[in-house]
Amino acid sequence: MTPPRRLPRTPNHQIPAKLFDPVAFLANAGVGRTLHRYKSKQTIFSQGDQPDAVFYIQEGRVRVSVLSKFGKEATITLLGPGDFLGEGCIASDQSVRVSTATALSNCSLLRVDRKEMLRTLHGENIFSDIFVAYVVKRYNRTEADLVDQLFNSSEKRLARALLTQARIGKTGKPEAVIPNISQKTLAEMIGTTRQRVNFFMNRFKRLGYIKYNDGLQIHRSLLRVVLHE
């Protein structure tokens, strides 16, 4: 019996490639990607470590700090869900980590190996667009922080830092409570003393801008401090 002749495959018969899903990529473990959990105050990476991976924060908050050669520590920023961490490793000129990342609360992070991160950025335009937009946003925020440090009072700097952490004034639903953020950390972020932060926090509380209830609650009215000339 003569076997049936196999028809040549045409483009109409081709199985379409599976579309890249950036949400799934950042949510699940896979090739070059592992999920990690960190407890509060646990170090994620340290200044001077080999920069071999990018982290994506799924849950929790992370403090990024630097330590000078004289032993003085400063908080650079606080990051939360949806933020990337350690993204500087994709730059060819970064041979060591320039900062330390510490969990402020129980955290869930996706660790993406540097090679896998670069491969995805080069091969997936959707993900590349998302990542570039994020990096530009972080750059703009850093620039705004510098202007804030140079020209605004410590009271305004503190109000802006609190509003930024609560995501008030930005897209998305603002967070009602900021957990595990100390006055010492806030002082390092805005370049003042813990005593000054304590003074302004008491004032904000007295005016109804903030309150303490299982964490630090920020009211939208705190914007008045930032907007007031």
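Taking segment 208-228, which residues are β-branched (Val, Ile, Thr) and outside any helix (DSSP H, G or I)? Result: Ile210, Ile218. Among the candidates Ile181, Ile210, the residue that is on the phi < 0 side of the Ramachandran plot, at pLDDT 90 or above and not assigned by TED's automatic domain parsing to the domain that holds Glu73 is uniquely Ile210.
Conditions tested, residue by residue: (1) farther than 26 Å from Ser68 by Cβ; (2) small (Gly, Ala, Ser); (3) outside the structural domain of Leu35 (by TED's automatic domain parsing).
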position	(1), (2), (3)
Leu85	no, no, no
Ser95	no, yes, no
Ser99	no, yes, no
Ala103	no, yes, no
Val112	yes, no, no
Lys115	yes, no, no
Leu121	yes, no, no
Phe131	yes, no, no
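The condition of being under 21 Å from Ala161 (Cα atoms), modelled with pLDDT of 95 or more, over 11 Å from the mean Cα position of the chain (by Cα) and β-branched (Val, Ile, Thr) does not hold for Thr120. Of all residues in segment 30-58, those satisfying the criterion of being outside any strand (DSSP E or B) and closer than 13 Å to Glu87 by Cβ are Pro51, Asp52. Restricting attention to segment 100-113, and to residues there that are outside any loop (DSSP other than H, G, I, E, B) and surrounded by fewer than 18 Cβ atoms within 10 Å (Cβ to Cβ), which single residue is farthest from the chain's Cα centre (by Cα)? Top of the filtered list is Asp113.
For segment 97-120, the criterion of being under 25 Å from Asp49 (Cβ atoms), touching a Leu at 6+ places or on another chain (Cβ under 9 Å) and basic (Lys, Arg) is met by at least one residue. Just for segment 75-99: of the residues that are aliphatic (A, V, I, L, M) and touching a Gly at 6+ places or on another chain (Cβ under 9 Å), which one is surrounded by the most Cβ atoms within 10 Å (Cβ to Cβ)? Filtering segment 75-99 for residues that are aliphatic (A, V, I, L, M) and touching a Gly at 6+ places or on another chain (Cβ under 9 Å), the one surrounded by the most Cβ atoms within 10 Å (Cβ to Cβ) comes out as Val98.
The values are calculated or read from the model by the stated rules, or taken from the named source; none is laboratory data. Source: prediction; values computed, not measured. Positions of Cβ are backbone-derived with ideal geometry, glycine not excepted, and every protein chain shown enters the neighbour counts.
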